[in-house]
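Student: Just passing along the structure, written as structure tokens.
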Amino acid sequence: MTIRVYGDPAANRWYPRQRTQWTCSDELQPGTIVVWEREPHRVIEVRERPDELWGDKFEQAWQERGRGDRSTWRYRPVVVVLQPDEQPTAKPLHLCGPANHQWWVLPEHYAICRICRELPPCRHEITEGHISFQMKRTTELLAIPRGHCLACGEAITRRMNAARFPGPNLWRPDLGDNSAVFHARAACAEGRAEYKAQWDARGDDADEQLSIDPPDTGGPA
């Protein structure tokens, strides 16, 4: 029997659209439907991990910050046994993690994707949405003339503060070198920060520096 680990923070980047409740591992009841790897699973069993099977990770955590009764410590290891819902012949999953790990609990009536059986938004829906967003964004970028802000598309006049990035234009190479420019105003900060992150990640032009063009107040815009 293989016991997998749950409670990885890196996995908590997706949220089901279905309304759910939160329940800790040691409060789960057999028959409850929970979300595991984006799919509905039925709780078969919840059991405490014997002291001799806690493992180095939990033992070290107990020694460093354990308080009170070991048997009720909120970070103690608990094994949760799951089975894919509506699949009674499927092999159960034995998962081990902290007792205070919170699970999404589903009602008996829930929606899933017909194709992949994942809860919405499924990976297909997210991918399609990402592709649609990128196509829309590309269309908008291609409509921005040289000398206009790559975040909002509006013109940058001589009376405006602007952030200019030297070198090739990472978003619009067809505009030529030194053409990547953004308004310095707060409304364009998100796009400016996104471009800067990509610009910094190149790592091949360490001597090039981002410049801030001051407004020209000596003449008409």
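The values are calculated or read from the model by the stated rules, or taken from the named source; none is laboratory data. What you are looking at is a predicted structure, and each value in this text was computed from that prediction instead of being measured. Methodologically, a virtual Cβ is constructed for each residue, glycine included, from the backbone with ideal geometry; neighbour enumeration extends over all protein chains shown.
Student: Among the residues in the stretch 175-196, are any in a loop (DSSP other than H, G, I, E, B), polar (S, T, N, Q) and in contact with a Ser or Thr (Cβ under 9 Å, 6 or more places away or on another chain)? First the steps, then the outcome.
Tutor: Residues of the stretch 175-196 that are in a loop (DSSP other than H, G, I, E, B), as a first pass: 176-179, 184-185.
Adding the requirement that they be polar (S, T, N, Q) leaves 178-179.
After this cut, where a residue has to be in contact with a Ser or Thr (Cβ under 9 Å, 6 or more places away or on another chain) as well, the list is none.
Checked the stretch 175-196: no residue is in a loop (DSSP other than H, G, I, E, B), polar (S, T, N, Q) and in contact with a Ser or Thr (Cβ under 9 Å, 6 or more places away or on another chain).
Student: Further question on the same structure: What number of residues within the stretch 163-188 satisfy the criterion of being free of Cβ contacts under 8 Å to residues at least 24 places away in the same chain and not polar (S, T, N, Q)?
Tutor: Within the stretch 163-188, residues that are free of Cβ contacts under 8 Å to residues at least 24 places away in the same chain and not polar (S, T, N, Q) number 5.
Residue-wise test of (1) part of a helix (DSSP H, G or I); (2) over 30 Å from the mean Cα position of the chain (by Cα); (3) at negative phi.
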{"position": "I131", "(1), (2), (3)": "yes, no, yes"}
{"position": "R137", "(1), (2), (3)": "yes, no, yes"}
{"position": "L141", "(1), (2), (3)": "yes, no, yes"}
{"position": "L150", "(1), (2), (3)": "no, no, yes"}
{"position": "G153", "(1), (2), (3)": "no, no, no"}
{"position": "T157", "(1), (2), (3)": "no, yes, yes"}
{"position": "A163", "(1), (2), (3)": "no, no, yes"}
{"position": "G167", "(1), (2), (3)": "no, yes, no"}
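Student: Let me ask you something else. If you check N169 against the conditions, is it of a type in the set (S, T, N, Q), touching an Asp or Glu at 6+ places or on another chain (Cβ under 9 Å) and at pLDDT below 90?
Tutor: So N169 does not fit the description; no.
Student: Looking at the stretch 29-42, I want the residues that are part of a strand (DSSP E or B) and have a partner that is of a type in the set (K, R) and surrounded by fewer than 19 Cβ atoms within 10 Å (Cβ to Cβ) with Cβ atoms under 7 Å, at least 6 apart or on another chain. Which pairs are those?
Tutor: From the stretch 29-42, the pairs are E39/R117.
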